[in-house]
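Asks: This structure is in structure tokens; I'll ask about it shortly.
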Amino acid sequence: ETGSLLSYYLNRAGIGSYVLSGDNYPRRIPSQNDAERLRIFRYQGVLGLVQAGLYDNSVREELARLWEQETDGERNLVTDRPWLSVYQRRGREALEEYLGSPREIDFDEINRILSQFKGGEERILLKRMGREPHELWYEKVDFSAVSVLVIEWTHGNNPYLEGVDVPILLNSTPEETLAHRRARNRDGKTDSPFTTMVLEVEQEKLKSQASRASIIVTKSGELVDYPAYLKLMNGEGGGLGPMLNAYPDSIGGRLGDILTLMDKEALKGAFQSFYVLPSIYNTDLDRGFSVIDYGINESYASFGDLKELSRRGIDLKLDFILNHASVLSPQFQDIVEKGRGSRYADFFIDWNKFWEGCGIMGEEGHIVPDESYTRDMFFRKPGLPLLNVRVPGGEEIPYWNTFYQSVTYDRVDARDIMKSLPIQYAGAEELAVLINDSLDRGIRPGEMDLGRFEPLREDVADLLESGRKYLGQMDLNIKSPLVWEFYEDTLKKLASYGARIVRLDAFAYAPKEPGKRNFLNEPDTWDLLDRVKTLADRYGLRLLPEIHSRYEEKIHEKITEQGYMTYDFFLPGLLIDAMERKTWAVLKRWIGEILEKGIGTVNMLGCHDGIPLLDLKGLLTDEQIQNLIDAVVSRGGYVKDLHGKKNIYYQVNATYYSALGEDDRKMLLARAVQMFMPGKPQVWYLDIFAGRNDHDGVKRAGEGGHKEINRTNLTLDGAAELLESPVVKDQLSLLKFRNSHPAFCEEARITLEVSDDSVLKIRWESDRGFASLAADLGDFSYRIDQGAL
């Protein structure tokens, strides 16, 4: 209707127009195409069961009954048939690959028509298709007076369609689309579970392509921009319901296994959001925080897994690391391959260019800044934060490297040496032993004792250095336009995955200037965030800046003043402190400050990192913080200092359950308080299952593996068994209460009621209900009262 109306008014204005229906260009007539869609769904679903080891005669017989009833796509049936979730997920993934693809649609033929039209051809053959196999013909259409071709089609914004000048999205919600299909009822079975699934998949594809549209029109005829469209489709986002936090392989080995576990009744309704940690991307180090690229890690997840979260109404939170990228990123590898000739030569920070005029050139080829420039700089590791990169021609370029780095050299044999050095085979064998022994002892090529082969030192060093390999994270140059293109491309990709919240990791390190601290530079950091927010707004993403700092620095207030949520890194330590000293006094003061200053928070107990203690400086005395450290360490935790400097940057690595002495009462009390804290609660998966310190995991990880104490991967069966534990059941009841009760909303009135410091009383009240908590440190008990208004 809209296409016809547009064409009518163009013609009336004297601009020749013609409407082309894309529905004539599928490869099969509708009934045959519907059958092919169903065949793909069912075949790939069965194949998924076979590959998962779930297919047997009983499953075969049950599937046959579901096929006959045409209910194998019904999601509600998975509760009694856990294997059906695997069948539906695999089938749906295959369906997503087919719908709107060149396998289903003849895009080449429409692209040919567009090319002919734009080339000025006056008579073009157009395909006509009916609803029966014999109803297929072509008709030559006169385009001599046509200036505008209007393509009316579900796939009009599909990237396979080439040559569209003004893409227009005519938007309708899934409910509106279904109502329209019911009204026309062309092929029957409009309300079947499978047809509903097809509509959902098509809607998701339209949504993923919506950012390409020049114009978006709602069903009511209103013109909206892309952020308004996302709000229309998703709601405002955020919300205050609980957020699950896990690696994609934390339970069962893949994100799909976590989804399977979430199908269980015990977990249904517990979470509004899911923060999937960045090993879901193509990464190499630091359990995901060294990103090669933001493509989905196929070992851990699929695009369909992320879409399944959206279908379940669960908001997705993902990471974006602003400050750095892996040395294995395509941009950095291009530098390694092409040197200064790479288009990405300025994508990372050339140390010598940055510090030019601010120091003296050192013997190793990099500028050593004057002490006046580095006196107040924040360092994450000993020495200058740089990595020398060897490029073609042998030049060494130092690049800024705030975080981890590793340089390794390949072992050599006689054949490698003879290819590059003027030496006989016997001598090459002897030299190879010397070289490999030195490499095993960590000696750099230029410092090796080569004995009688000393005259070949430069040749040996050149041979080894030419094969130098790197690991690590390299700092991005935010002054490069290419970096900002990368930022926008990444945010767009995260939005296409269904992300609603994006956590900005290491953002405070990104802005750098000579003479500044180069950690949370002001106003540079806020300027960076404003610019990133402008990009994020285009894709309907809400930003969550992540930063650790001392309470006394008030950075959490600055983030609030800039209009962002902030992490409540104070709560985990304050809860342990309250239970150790039997007083809620400090936590009450902090809650009062949140309410008084309108600080929007995401809070937590445990997380993938440690229990933060630096953050408490200014809330607790140094002695009280040290007592906390001693208590958690006495229960099996580890202390993390910043490159050995005590009281500079420390956190305790432990599971939260072990940090509380593995006391179920304390764990439940902490969870209850978290559920009533202002802000949005984030819940570490291992906390739910009352995970204990994993010292074996630390040993397996080796040096620097202290964080593995709280990252134990659970098997799917093991996690399912733990759901029967009372401490797990009670936590999940609290989560479901927080996620479902109408009192917990952004408009709620939160009050901290007067009580003795051994009792904490918090009340939430909205226009629809109230909920109140009384938490008693005397016996670590709590009472919840609630009601509707």
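Asks: When you look at Gln69, is it open to solvent by less than 60 Å² (accessible area, probe 1.4 Å) and of a type in the set (S, T, N, Q), yes or no?
Replies: no
Asks: How about the stretch 12-44: which of its residues are modelled with pLDDT of 95 or more, in a helix (DSSP H, G or I) and surrounded by 14 or more Cβ atoms within 10 Å (Cβ to Cβ)?
Replies: Glu36, Arg37, Leu38, Ile40, Phe41, Arg42, Gln44
Asks: So how many residues does the stretch 622-641 have that are crowded, with 18+ Cβ neighbours inside 10 Å, within 18 Å of Arg711 (Cβ to Cβ) and among the aliphatic types (A, V, I, L, M)?
Replies: 1
Asks: Right, next: Where residues in the stretch 447-486 are open to solvent by less than 30 Å² (accessible area, probe 1.4 Å), touching a strand residue (DSSP E or B) at 6+ places or on another chain (Cβ under 7 Å) and among the aliphatic types (A, V, I, L, M), which of them is nearest to Tyr399 (Cα to Cα)?
Replies: In this case the residue turns out to be Met474.
Asks: What residue, among those in the stretch 315-332 that are outside any strand (DSSP E or B) and open to solvent by less than 20 Å² (accessible area, probe 1.4 Å), is nearest to Leu277 (Cα to Cα)?
Replies: Taking the candidates together, the pick is Leu322.
Asks: Conditions: (1) over 22 Å from Ala720 (Cβ atoms); (2) surrounded by 12 or more Cβ atoms within 10 Å (Cβ to Cβ). Thr79 meets all but one. Number of the miss?
Replies: (1)
Asks: Taking only the stretch 338-350 into account, find how many residues are surrounded by fewer than 24 Cβ atoms within 10 Å (Cβ to Cβ), touching a strand residue (DSSP E or B) at 6+ places or on another chain (Cβ under 9 Å) and not in a loop (DSSP other than H, G, I, E, B).
Replies: 3
Asks: Here's something else I'd like to know. So for the stretch 274-290 (the condition being in contact with a strand residue (DSSP E or B) (Cβ under 7 Å, 6 or more places away or on another chain), among the β-branched types (Val, Ile, Thr), within 24 Å of Asn76 (Cβ to Cβ) and crowded, with 22+ Cβ neighbours inside 10 Å), does at least one residue qualify?
Replies: No, because not a single residue in the stretch 274-290 is in contact with a strand residue (DSSP E or B) (Cβ under 7 Å, 6 or more places away or on another chain), among the β-branched types (Val, Ile, Thr), within 24 Å of Asn76 (Cβ to Cβ) and crowded, with 22+ Cβ neighbours inside 10 Å.
Asks: Output the number of the condition that Met418 fails; it satisfies all remaining conditions of (1) under 30 Å from Lys516 (Cβ atoms); (2) assigned to a helix (DSSP H, G or I).
Replies: With (1) under 30 Å from Lys516 (Cβ atoms); (2) assigned to a helix (DSSP H, G or I) applied to Met418, the lone miss is (1).
Asks: State which residue is farthest from Gly100 (Cα to Cα) when the search covers only the stretch 195-252 and only residues that are modelled with pLDDT under 80 and in a loop (DSSP other than H, G, I, E, B).
Replies: Gly238
Asks: Residues that are in contact (Cβ under 8 Å) with a residue 40 or more places away in the chain, in a loop (DSSP other than H, G, I, E, B) and in contact with an Asp or Glu (Cβ under 9 Å, 6 or more places away or on another chain): does the stretch 435-444 have at least one?
Replies: no
Asks: Within the stretch 99-135, track down each residue that is exposed (fewer than 13 other Cβ atoms within 10 Å of the Cβ) and in contact (Cβ under 8 Å) with a residue 60 or more places away in the chain.
Replies: Arg103, Arg128, Gly130, Arg131, Glu132, Pro133, Glu135
Asks: Sticking with this structure for a sec: Spot the failing condition for Ile335; the list is (1) β-branched (Val, Ile, Thr); (2) open to solvent by less than 40 Å² (accessible area, probe 1.4 Å); (3) in a strand (DSSP E or B), and only one is missed.
Replies: (3)
Asks: Check the stretch 570-585 and report whether any residue there is within 23 Å of the chain's Cα centre (by Cα) and of a type outside the set (Ser, Thr, Tyr).
Replies: Checked against the condition, which is being within 23 Å of the chain's Cα centre (by Cα) and of a type outside the set (Ser, Thr, Tyr), the stretch 570-585 yields no hits at all.
Yes or no, residue by residue, for (1) β-branched (Val, Ile, Thr); (2) in a loop (DSSP other than H, G, I, E, B); (3) under 28 Å from Tyr487 (Cβ atoms); (4) free of Cβ contacts under 8 Å to residues at least 12 places away in the same chain:
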{"site": "Glu356", "(1), (2), (3), (4)": "no, yes, yes, yes"}
{"site": "Ile360", "(1), (2), (3), (4)": "yes, no, no, yes"}
{"site": "Glu364", "(1), (2), (3), (4)": "no, yes, no, no"}
{"site": "Val368", "(1), (2), (3), (4)": "yes, no, no, no"}
{"site": "Phe378", "(1), (2), (3), (4)": "no, yes, yes, no"}
{"site": "Gly383", "(1), (2), (3), (4)": "no, yes, no, yes"}
{"site": "Asn388", "(1), (2), (3), (4)": "no, no, yes, no"}
{"site": "Tyr399", "(1), (2), (3), (4)": "no, no, yes, no"}
{"site": "Thr402", "(1), (2), (3), (4)": "yes, yes, yes, no"}
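Asks: Looking at the structure I just gave you, is Glu96 touching a residue at least 40 places away in the same chain (Cβ under 8 Å) and open to solvent by 40 Å² or more (accessible area, probe 1.4 Å)?
Replies: Considered against the rule, which asks whether it is touching a residue at least 40 places away in the same chain (Cβ under 8 Å) and open to solvent by 40 Å² or more (accessible area, probe 1.4 Å), Glu96 comes out as no.
Asks: Related question: List pairs: first in the stretch 671-699 and in contact (Cβ under 8 Å) with a residue 40 or more places away in the chain, second among the acidic types (Asp, Glu) and surrounded by fewer than 23 Cβ atoms within 10 Å (Cβ to Cβ), Cβ under 6 Å, 6+ apart or cross-chain?
Replies: These pairs meet every condition: Val698/Glu708.
Asks: Here is a further query. Take Lys707 and decide whether it is at pLDDT below 95, part of a helix (DSSP H, G or I) and not β-branched (Val, Ile, Thr).
Replies: Against the criterion (at pLDDT below 95, part of a helix (DSSP H, G or I) and not β-branched (Val, Ile, Thr)), Lys707 qualifies.
Asks: Hey, another quick one. Test each condition in (1) open to solvent by less than 30 Å² (accessible area, probe 1.4 Å); (2) modelled with pLDDT of 85 or more for Val148 and report the one that comes out false.
Replies: Every listed condition holds for Val148 apart from (1).
Asks: Considering every residue within the stretch 714-726, establish whether at least one is of a type in the set (A, V, I, L, M, F, W, C), over 30 Å from Ser634 (Cα atoms) and in a strand (DSSP E or B).
Replies: No, there is no match, as no residue in the stretch 714-726 is of a type in the set (A, V, I, L, M, F, W, C), over 30 Å from Ser634 (Cα atoms) and in a strand (DSSP E or B).
Asks: Out of all the residues in the stretch 593-611, which are in contact (Cβ under 8 Å) with a residue 60 or more places away in the chain and either open to solvent by 20 Å² or more (accessible area, probe 1.4 Å) or farther than 23 Å from Arg542 by Cβ (or both)?
Replies: Once the filter is applied, which keeps residues that are in contact (Cβ under 8 Å) with a residue 60 or more places away in the chain and either open to solvent by 20 Å² or more (accessible area, probe 1.4 Å) or farther than 23 Å from Arg542 by Cβ (or both), the stretch 593-611 yields Leu595, Gly600, Gly606, Asp609, Gly610.
Asks: Identify the residue in the stretch 686-704 that is of a type in the set (Asp, Glu) and either in contact with a Phe, Trp or Tyr (Cβ under 7 Å, 6 or more places away or on another chain) or not in a helix (DSSP H, G or I) (or both) and, among all such residues, is modelled with the lowest pLDDT.
Replies: Once the filter is applied, the top-ranked residue is Glu703.
Asks: Within the stretch 537-555, can you find the residues that are under 17 Å from Tyr275 (Cβ atoms), among the aliphatic types (A, V, I, L, M) and out of contact with any Phe, Trp or Tyr (no Cβ under 8 Å at 6 or more places or on another chain)?
Replies: Within the stretch 537-555, Leu541 is the sole residue that qualifies.
Asks: Okay, next question. Mind counting the residues in the stretch 1-11 that are within 16 Å of Val166 (Cβ to Cβ) and either open to solvent by less than 70 Å² (accessible area, probe 1.4 Å) or without any contact (Cβ under 8 Å) to a residue 60 or more places away in the chain (or both)?
Replies: Count: 5.
Asks: If we scan the stretch 577-588, do we find a residue that is more than 19 Å from Ala631 (Cα to Cα), modelled with pLDDT of 95 or more and assigned to a helix (DSSP H, G or I)?
Replies: yes
Asks: Here's something else I'd like to know. Look at the stretch 741-759 and say how many of its residues are part of a loop (DSSP other than H, G, I, E, B) and either open to solvent by less than 40 Å² (accessible area, probe 1.4 Å) or in contact (Cβ under 8 Å) with a residue 24 or more places away in the chain (or both).
Replies: Residues meeting the conditions: 10.
Asks: While we're here: What's the number of the only condition in (1) at pLDDT below 95; (2) open to solvent by less than 10 Å² (accessible area, probe 1.4 Å); (3) assigned to a helix (DSSP H, G or I) that Met675 fails to meet?
Replies: With respect to (1) at pLDDT below 95; (2) open to solvent by less than 10 Å² (accessible area, probe 1.4 Å); (3) assigned to a helix (DSSP H, G or I), Met675 is out only on (1).
The values are calculated or read from the model by the stated rules, or taken from the named source; none is laboratory data. Model, not experiment: these values are computed from the prediction. Here the Cβ is made from the backbone with ideal geometry for all residues, glycine too, and neighbour counts use every protein chain on show. What goes into the accessible areas is simple: the full protein's heavy atoms, side chains included, and nothing from ligands, DNA or RNA. Shrake-Rupley method; radii C 1.70, N 1.55, O 1.52, S 1.80 Å.
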